[in-house]
Amino acid sequence: MSPYTVEFEDGIVREWTLTESGAEPAVVEDYTPSVFVSGPNDALADLRERLEADPKVVATRSERRPTSLHEAHAGERSRVLRADLERVGEVWTLAREIRGVHAREAHAPGAVRLFDVDLAPGFRYCLDRGLDPTPTRDLRTLRLALDEAALADDDVSALEIEGESVDGDATRALRTCQRRLEQRDPDVLVVSHADLIPLLERHAEALGLADVHLGRLPGWTALAGENTYASYGKVGHSPARYRIPGRAIVDTSNSFLWHQSGLAGIRYMVERTGRPLQEAAWGSIGTLLTSRQIRLARQKRGVLAPWNKWEPERFTDVETLHAADRGGFTFAPKVGFHENVHEIDFASLYPRIICEHNVSPETVGCDCGAADEAAATDESAADGTAATGESAAGTHRVPELEYEICETDGFLPAVLEPLIAERAEIKRRLETDLPEEEAARLRAESGAIKWVLVSCFGYQGYRNAKFGRIECHEAINAYAREIALTAKRRLEDAGWRIVHGIVDSLWVTPRVDEPEPLEAVIGAVSETTGIPLEHDGSYEWVCFVPLRDSIRGVGSGEGSSPDSTRAGEGTRTRARGASAGALTKYFGKRTSGEYKFRGIELRQRSTPAFVADGQRAFVEALDRERDPEAVCDVLGRRLNELREGCVDPAALAITNRVSKSLADYGRRTHTVAALERYDRRGIDRHPGQSVEYVVVDDDSRGPERVRLALEEPSEYDADYYATLLVRACESVVSPLGWDRTRIRRSLRDGRTVRLSTFVD
């Protein structure tokens, strides 16, 4: 049986295998992790001589392995030096020595390349041993939580177990925790923050509670310290990571997958990536995709994982470069209020393009058909093959770019096709009558697959992607543009009008009285493109919101009539003077009665709950009355609540991500004020973490400007939140031609407020 968690200590490995009653350890003493090095023969010979004298290295030998997908595709092998080490923890040390000392002393930069270096220890072990760490039975969990203030104060007495507070002092809390651990014997410890592990263990030791320990054996180990990182222009923070014997830890503050799909989603990704459960839990979606690729590259093609990507972008002419340096199509939305709208989208567009057209790093630009191309040119031109994208035997061309793609089965399709098929099967099963427990598991698995499929396209353009390539990214975009234009032409020919479109989704309304049935058009587009186009839903109405700066002054002129901007039955108005732009902000009501929101304030993480609830009420008022004045009536009532002090300050808390350390901020923002208050309380806040606060005096410029949510403020700055509320209202009525000036004039005009204003 395979282990579900693996531990490394002093050159030995401890495998924990699940049993019906719990888990059993087994010690492995003969595991030697390996690092591979490629380069000129003389460089490898010199390096081997040096490594044989290195006490960290157990053995060295020369092997032939494919060091890239291209080599595996062509059936080639490179000579590599394999170095086996005594301990997993020494892999990084040796790799840095090889690159920074041995190679630099005698060889040109880049002459020596390393492989299988930056693999997580458990993942490396399972990969090397051919083990599947998927749990073999249902997992038992126990949840432990400590709020932020208590964690900062080392207040163990505030511990919560399975959502219930433990009444008493630290000793009672720890004793209660130990009893629950013994009763449940969990396989997974779900903690609110990883720092709970050392905190509880240290308190138990200080209080002399020798029998209190979180693992199945005594002890705990720090695996990694906290760190700050930047990804796609955003700053993130990774908390410290710990290990306890015999149990996996899921840190809910550091697990995207936990919040998206829960334990079932994590377990599914363990099966698909080969990463043990704890490593899968803290891994980002990009990390999980990379792990799946590394595993399949090793198992199916024998390809080693490069430490760093080194393949440069291939030289191309300026015309091709201009055509390639583009993204997917966005059809400018027709700002305004639209009725009888249908949303259609391509199912998993980018992953399906990869599979349908065999896009992969080793197939794009492959010249295996080049020898026959010259002879086939005249015949291809005569029979029209070139016009349809077909080229020489065994290859086809990317539209616009003329990149050749080999038709031999590619690596990326092999990675993605099983996931696409499994998600389609899950969706089919969810349409049947299933027990709720099984349906919940399937939804979690579907969610986990979704995020991997979403990331696979962007990964190809990521500069550090181990199996990524910019030409793949460009080819996928080129196919996506061709597909979007094909769909547009077919829809318009069938009597439909596109009111908005963004990459894989289109919103359409009838352009003529009796258009061709939409389902027939969808079927025709799916057949033509090879990518399923699906009817995602129908809307009674949809509002596309203009850019905020484009609506200044709209509706503020004295000659404007309220009736001229009402979206009554059968009308389709748009904001006058508003720029269509490339927008993704809209809201609407499905024919099922459900509202859908994208991009507006209530979907933004920083928006306070009171403002978000208010914006939802504004949308509901617009739905009932189809009149901006009715929306403003609701706004007026909400403003009165705010100014009369009737709003719970907790509903006004704002959450913002910290982008840099306190000392690096140059302006006195709300975030700076919040950071100063956190600092006063001794709570660390690093770049990438969030602050949560209520604005109590916006005119102040020091830490008194705000109160932290954990300080449970009893007051707030009504004027500041009134501005946020008016802005949220503006997003709702701006598609109808109203701006902030007109909203305020409506609030002052002394009109009789209608009864519907008081309906939420």
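Every number in this text was worked out from the coordinates using simple rules, so none of it is lab data. Nothing here was measured: the structure is a model prediction, and the numbers come from that model. Ideal geometry is used to build each Cβ from the backbone, glycine not excepted, and the neighbour counts take in all protein chains shown.
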*Extension gain (nm, one decimal) between Ala722 and Lys309, 0.36 nm per residue minus Cα-Cα*: 143.6 nm
*For the chain, with only Lys/Arg (+1) and Asp/Glu (-1) charged at the beta-carbon, what is the dipole magnitude about the Cα centre, in debye rounded to 20?*
1320 debye
*Pull up the cross-link candidates among the lysines for Lys300, meaning alpha carbon to alpha carbon under 25 Å and not fewer than 8 places away within one chain.*
Lys309, Lys450, Lys466
*Which of the lysines could a cross-linker bridge to Lys234, judged by Cα under 18 Å and excluding same-chain residues fewer than eight apart?*
Lys660
*asked:* Of Gly688, Ser165, Val634, which is farthest towards the positive pole of the chain's charge dipole, taken about the Cα centre with +1 and -1 on the beta-carbons of Lys, Arg and Asp, Glu respectively?
replied: Val634
*Identify, among Leu518, Val270, Ala439, the residue whose Cα sits farthest towards the positive end of the charge dipole of the chain, taking +1 on the Cβ of Lys and Arg and -1 on the Cβ of Asp and Glu, with the dipole about the Cα centre.*
Leu518
_In sequence order, calculated HN-Hα J values of the range 217-224 (Karplus, 6.51, -1.76, 1.60; Hz; x Gly/Pro)_ = 10, x, x, 7, 9, 7, 8, 7
_Can you give the Rg/Rh ratio of the chain, where Rg is from the C-alpha atoms and Rh is the Kirkwood radius?_
1.00
*Please get the size of the charge dipole for the range 32-117, origin at its Cα centre, with Cβ charges of +1 on Lys and Arg and -1 on Asp and Glu, quoted in debye to the nearest 20.*
160 debye
*Which whole DSSP H helices in the chain pass both tests: a Cα extent of 18 Å or more along the axis and a mean Kyte-Doolittle value no lower than 0.0?*
411-430, 718-733
*Hey, what number do you get for the chain at 222 nm if only DSSP H runs of n ≥ 4 count, each worth -39500 (n - 2.57), divided across all residues, to the nearest 500?*
-12000 deg cm²/dmol
*Hey, with R₀ at 51 Å, roughly what FRET efficiency would Arg104 and Asp513 work out to, going by the Cβ-Cβ distance, to 0.05?*
0.10
_So for the range 141-301, considering every pair of alpha-carbon atoms, how many percent are separated by more than 29 Å?_
22 percent
*Between Glu641 and Leu747, what is the spin-label point distance in nm, taking each point 7 Å from the Cα along the Cα→C-beta axis?*
1.5 nm
*asked:* Within the range 16-47, name every residue whose backbone N is under 16 Å away from a label modeled 7 Å from Cα of Arg129 along the Cβ vector.
replied: 16-19, 23-34
*Built amide H within the under 5 Å cut-off of Tyr242, gap 5+*: Leu223
*Under-5 Å amide H pairs with Gly236, H placed in peptide plane, nonlocal only*: Tyr229, Ala230, Ser231
*Take peptides 670-679, 422-431, 507-516 and line them up by average Cβ neighbours within 10 Å, highest first, as a rough protection proxy.*
670-679, 507-516, 422-431
*If the range 649-715 were replaced by its equivalent ellipsoid, with semi-axes equal to the square roots of 5 times the Cα gyration tensor eigenvalues, what would those be, largest first, whole Å?*
18, 13, 10
